[in-house]
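These notes concern the structure reproduced below.
Just so it is clear, none of the values below were taken in a lab; they were calculated from the coordinates. Owing to the predicted nature of the structure, the values given are computational and were not obtained by experimental measurement. Neighbour counts are summed over all protein chains in view; Cβ atoms, including those assigned to glycine, are modelled from backbone coordinates with ideal geometry.
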Amino acid sequence: MTRTFNPESYGKLLAEYQPKIITTDAENEQAIALALTLEHRPNRTPEEAFWYEVTGA
């Protein structure tokens, strides 16, 4: 399956939270908050769905 999404929109999402090894409580809270936001969003954009899948959220 070929994924199509807007690289600019995906870049903005990555600027908000770059997938990385979580080393602090603050980073953990930020990752959880974004994952929960995306998890409960009924109409995720293709970029959000891709980020959610890639990060294993």
- request: Assess whether Glu39 counts as being in contact (Cβ under 8 Å) with a residue 40 or more places away in the chain and among the acidic types (Asp, Glu).
  value: no
- line: Considering residues that are among the β-branched types (Val, Ile, Thr), within 18 Å of Phe5 (Cα to Cα) and in a helix (DSSP H, G or I), the number found within the range 21-57 is 1
Residue, surrounded by the most Cβ atoms within 10 Å (Cβ to Cβ), within the range 34-48, restricted to residues that are out of contact with any helix residue (DSSP H, G or I) (no Cβ under 8 Å at 6 or more places or on another chain) and over 10 Å from Ser9 (Cβ atoms): Thr37
- prompt: Residue check: is Glu8 charged (D, E, K, R), surrounded by 11 or more Cβ atoms within 10 Å (Cβ to Cβ) and assigned to a helix (DSSP H, G or I)?
  reply: no
